[in-house]
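Enquirer: One structure coming up, written as structure tokens, with questions to follow.
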Amino acid sequence: MSLSSANVTKTAFPMFDMMLEMQRIGLRAMSIYQPIGSAFLESAKSAERLRGSAFAAGRAQGDTKTEQVVAIGEEVLNVGTRTVPGKTTRVRRLVVETPVEKEVTLHTETVVVERRQPIANIGQNVLTEVTVEMSDSNEVPVISKSVHLVEEVLLRKEVTARTETIRDTVKRDTLEIEEPSQLPVPFNAAKQQDERKRDEKRANEAREKKQAIVPVPAETEGGDARRQPH
């Protein structure tokens, strides 16, 4: 009895028939979803291949880079000015009272009754009632005050200039180059290279002078000396 066939023969056992029916439904579902699963796996594999190719391209691009730039900077000291409050000068006007003295002349008029002999009796009205009055008078001091300006106080500012030296520290970048010899190379490498060339030139000149000197030959046994032709 084939289990993969669509037409499954029924048996005499209902439970066994139900199990066969469930197996048939499972096989049919697997046959339906198999293309979708395969397509999903294929897309995942293609994405992985694309990611690997992009990483390889970026690595190759980084390996082929032949220049690297190192920026060198330094600090610059900037000095500005700002105004800060200093000492305060305050002028207040107050009113004070001071005792003063001043002399003044006062006059007093007093009525004096004096009896005397008549000077002339002609034209005098006598034998009638007459009342004559005269009052005394006194001068009293009268005080008044007036205001006079005696001085003025002026507040103003005078500007003076002074020079101060500001001392501080600034930072800057320096270079330290290490060659394969693991020796630090100073920044003025061109100057040392020129000195090395001059030393080599002096050594070559000294070597040429030594080679230009002609050695003197030794005397032979017969007493004759080999003379070099001039």
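Enquirer: Of Thr98, Thr108, Thr89, Thr64, which residue is of a type in the set (Ser, Thr, Tyr) and at pLDDT below 80?
Expert: On the way: Thr98 fails: at pLDDT below 80; Thr108 fails: at pLDDT below 80; Thr89 fails: at pLDDT below 80.
The unique qualifying residue is Thr64.
Enquirer: Looking only at residues that are among the β-branched types (Val, Ile, Thr) and within 59 Å of the chain's Cα centre (by Cα) in the range 173-216, which one is modelled with the lowest pLDDT?
Expert: Step one: list which residues in the range 173-216 are among the β-branched types (Val, Ile, Thr), which gives 174, 177, 185, 213-214, 216.
Subset that is within 59 Å of the chain's Cα centre (by Cα): 174, 177, 185.
Values: Thr174: 91, Ile177: 85, Val185: 52.
Only one residue fits best here, namely Val185.
Enquirer: Could you grab me the full set of residues in the range 159-175 that are open to solvent by 100 Å² or more (accessible area, probe 1.4 Å) and among the charged types (D, E, K, R)?
Expert: Arg162, Glu164, Arg167, Asp168, Lys171, Arg172
Enquirer: Restricting to the range 67-87, give me the number of residues that are among the acidic types (Asp, Glu) and open to solvent by 100 Å² or more (accessible area, probe 1.4 Å). Step through it out loud before you land on a result.
Expert: So in the range 67-87, the residues among the acidic types (Asp, Glu) come out as 67, 74-75.
Keeping just the survivors that are open to solvent by 100 Å² or more (accessible area, probe 1.4 Å) gives 67, 74.
Residues flagged as among the acidic types (Asp, Glu) and open to solvent by 100 Å² or more (accessible area, probe 1.4 Å) within the range 67-87 amount to 2.
The values are calculated or read from the model by the stated rules, or taken from the named source; none is laboratory data. Since this is a predicted model, take the numbers as computed values, not measurements. In case anyone asks, the SASA skips ligands and DNA or RNA and just uses the protein heavy atoms, side chains included. Shrake-Rupley method; radii C 1.70, N 1.55, O 1.52, S 1.80 Å.
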